[in-house]
Amino acid sequence: MMSWLTCSPAPLLLSLQVAGVVLVLFLVAGIALGYALSQPIPLRGLLDALVSLPLVFPPIAIGFFLLMLFGRHGVIGGPLHTWIGWDLVFSFPALVVAAFIAGLPLVVKPIQAAIEGSARDLIEVSHTLGKGRLATLFLVVIPIIRRHILAGLTLGVGRSFGEVGITLMLGGNLLGSTETLSLAIYNQVLDGNFDCATRLSLLLGLLSLGLFLLLRWLGRAG
């Protein structure tokens, strides 16, 4: 019984904070990238491959490459540490980056597919009437595909709750600092505290079920 009482709510609160930040990032980057990938832009294939990479590449390997890139001696992390004394790895921003990269394709792909399907003809009409790409995006595209945007955001946030591989490599697994809900389950199992692991797993399951029901409602409403 005591193991249930000692199961800290901190990992849940941390995961909710990460989810809140990536939700805003998904809203901006997901729409922008989905719209860009639906247009005949230069290097579209390369950009599409980079966005889709987390769907097919092992998360732990992605996390390792990001660690090499943003670590203290990395191509990006080294200058940041030298010039401003800031380290990305093993910090809250690292958790955000990990969740963002993991969930981004789940946000972008539904938006891209919706634009290439139902919105394509209206985009052409808008351009014919003299509207620029930015005006077309806000006045035509977003109102038409708003449910697809919500569905993508739901999938992306759901993925952020379950992210482990990239988070473990880039954010670390520091108790009370970078221990997310999924990592807390892993840690409790290693410690033999199966009661707490069960409680956290049920909590994560309820969050996932809530997101699934939201997706189902969006599908029916659409």
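The values are calculated or read from the model by the stated rules, or taken from the named source; none is laboratory data. Predicted model only: the values in this text are computed from it and were never measured. Please note: Cβ atoms are built from the backbone with ideal geometry, for glycine as well, and neighbour counts cover all protein chains shown.
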For this session: Taking the residues in the stretch 102-130 that are hydrophobic (A, V, I, L, M, F, W, C) and surrounded by fewer than 22 Cβ atoms within 10 Å (Cβ to Cβ) as candidates, determine which candidate is farthest from the chain's Cα centre (by Cα).
Result: L129
Exercise. Can you tell which of S182, S126 is polar (S, T, N, Q) and either touching a Cys at 6+ places or on another chain (Cβ under 6 Å) or within 24 Å of F64 (Cβ to Cβ) (or both)?
Worked result: S182
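Condition check ((1) in a loop (DSSP other than H, G, I, E, B); (2) among the β-branched types (V, I, T); (3) closer than 17 Å to A29 by Cβ; (4) in contact (Cβ under 8 Å) with a residue 40 or more places away in the chain) across all residues:
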residue: S52; (1), (2), (3), (4): no, no, yes, yes
residue: M68; (1), (2), (3), (4): no, no, no, no
residue: T82; (1), (2), (3), (4): no, yes, no, no
residue: F100; (1), (2), (3), (4): no, no, yes, yes
residue: L104; (1), (2), (3), (4): no, no, yes, yes
residue: E116; (1), (2), (3), (4): no, no, no, yes
Exercise. Does the stretch 26-38 contain any residue that is touching a residue at least 60 places away in the same chain (Cβ under 8 Å), under 30 Å from D121 (Cα atoms) and part of a loop (DSSP other than H, G, I, E, B)?
Worked result: yes
Problem set entry | Cross-chain or 6+ apart pairs with Cβ under 8 Å, the stretch 160-189 first and in contact (Cβ under 8 Å) with a residue 40 or more places away in the chain and at negative phi, then of a type in the set (A, V, I, L, M) and part of a loop (DSSP other than H, G, I, E, B) | L170/L88; L170/V89; G171/V89; S182/V164; L183/V164
For this session: Could you tell me whether the stretch 76-97 includes any residue that is surrounded by fewer than 14 Cβ atoms within 10 Å (Cβ to Cβ), in contact with a helix residue (DSSP H, G or I) (Cβ under 6 Å, 6 or more places away or on another chain) and modelled with pLDDT of 90 or more?
Result: yes
Exercise. Between a first residue in the stretch 129-155 that is of a type in the set (K, R) and a second residue that is assigned to a loop (DSSP other than H, G, I, E, B), which pairs have beta carbons less than 7 Å apart while being 6 or more apart in sequence or on different chains?
Worked result: R147/G222
Problem set entry | Tally, over the stretch 190-208, of residues that are surrounded by 13 or more Cβ atoms within 10 Å (Cβ to Cβ), within 24 Å of T154 (Cβ to Cβ) and without any contact (Cβ under 8 Å) to a residue 60 or more places away in the chain | 4
Seminar exercise, completed: Expected single match for closer than 13 Å to P11 by Cβ and either in a loop (DSSP other than H, G, I, E, B) or of a type in the set (V, I, T) (or both) among I185, I142 is I185
